[in-house]
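First comes the structure, then the notes that go with it.
The values are calculated or read from the model by the stated rules, or taken from the named source; none is laboratory data. None of these values were measured; they are calculated from a predicted model. Glycine gets a Cβ as well: all are built from the backbone with ideal geometry, and neighbour counts include every protein chain shown. Just the protein is used for accessible areas: all its heavy atoms, side chains included, with ligands, DNA and RNA removed. Shrake-Rupley method; radii C 1.70, N 1.55, O 1.52, S 1.80 Å.
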Amino acid sequence: MDKKYLIVGNWKMNGTPSQSSVLIEELVQRVNGGHFSEKLSLAICPPFTSLERAASLLKNSPIALGAQNLYCEPEGAFTGEISPPMLRDLGVGYVIIGHSERRSIFQESNGLIHRKIKAAQEHRLTPILCVGETLAERESGQAESVIGGQIRSALEGIGDRNLVIAYEPVWAIGTGKTATPEMAQEIHAFIRNLLEQQFSKEGLAMHILYGGSMKPNNAAELLRQPDINGGLIGGASLVAGDFMAIGQAVE
Ligand code: PEP
């Protein structure tokens, strides 16, 4: 099977709409001027407030648009939330769900994450489900049981394979510490197996991204692992040259 790759930038809470425009213009210039593998897809997830400008600047470019969160109801009395149809209407295709910062800072539960996955798929948005263990969980030998639990509860009863998984060890996010390629591959193979159990053969072709301090200098080695289909990039996605260099690490 020909392996496909997806590199996604998670901008987090960075960039006013004007700042976002500058970065997107540079990304578009670089993607038009550079050479990229045909196996690669690219997406960026700016803050909600930059999505409308991003959609217009990315029109006719190969860079897809994603959001960093959504709420699981289509409309109603949910002050401060953003619904799947609102994102669809802006031209958003991907949505990050269950990022560790949302789990830890905003107390998002596996139950809520499950409802968000369903809502995204019902509105033809592709969820990027984030899973990963803390350092204490890894050190006590619980990485697989934690990740297995997160995936089983998020995907309970889900048959739609319009879905991307991002393995993001919590201890590697924004810390400069990266899982070794072997460590990451071991967890990706474990996740692949869970996807195969749930989606049969189709699970073999699903994207499993690695996230956690992926940078131009470590991307190629991580991306070479058989079950790593790309990256979810935080810090390095805010520097156009670095983000594109990670894309160019796909051979
Ligand atoms: C992330 O937050 O999704 C992430 C991977 O961040 P960083 O690349 O900065 O570790």
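If the condition is being of a type in the set (A, V, I, L, M) and either surrounded by fewer than 18 Cβ atoms within 10 Å (Cβ to Cβ) or not in a helix (DSSP H, G or I) (or both), then segment 118-137 contributes L125, I128, L129, V131, L135, A136. Within segment 1-40, the residues that satisfy the criterion of being open to solvent by 30 Å² or more (accessible area, probe 1.4 Å), free of Cβ contacts under 8 Å to residues at least 60 places away in the same chain and under 20 Å from the mean Cα position of the chain (by Cα) are M13, E38.
May I ask you to verify whether K215 is at pLDDT 95 or above, within 15 Å of the ligand (Cβ to nearest atom), over 19 Å from Q68 (Cβ atoms) and among the charged types (D, E, K, R)? In short, yes. Annotation note: Cβ proximity below 9 Å between a residue of segment 180-200 that is more than 13 Å from E133 (Cβ to Cβ) and a residue that is open to solvent by 60 Å² or more (accessible area, probe 1.4 Å) and aliphatic (A, V, I, L, M) (sequence gap 6+ or interchain) occurs for R192/L204; L195/L204; E196/L204.
Residues of segment 147-184 that are open to solvent by 40 Å² or more (accessible area, probe 1.4 Å) and part of a loop (DSSP other than H, G, I, E, B): E156, G157, G159, D160, R161, N162, G174, T175, G176, K177, T178, T180.
Residues are listed down the side, and each one gets a yes or a no for (1) under 22 Å from G159 (Cα atoms); (2) within 16 Å of the ligand (Cβ to nearest atom); (3) touching a Leu at 6+ places or on another chain (Cβ under 6 Å); (4) of a type in the set (S, T, Y):
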site	(1), (2), (3), (4)
F78	no, no, no, no
R88	yes, no, no, no
Y94	yes, yes, no, yes
F106	no, yes, no, no
H114	yes, no, no, no
E122	yes, no, no, no
I128	yes, yes, no, no
L135	no, yes, no, no
E144	no, no, no, no
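H188 passes every criterion in (1) in a helix (DSSP H, G or I); (2) within 28 Å of I82 (Cα to Cα); (3) within 16 Å of the ligand (Cβ to nearest atom); (4) open to solvent by less than 10 Å² (accessible area, probe 1.4 Å) apart from (2). If only residues of segment 206-228 that are touching a strand residue (DSSP E or B) at 6+ places or on another chain (Cβ under 6 Å) and open to solvent by less than 10 Å² (accessible area, probe 1.4 Å) are counted, the one that is farthest from G132 (Cα to Cα) is L222.
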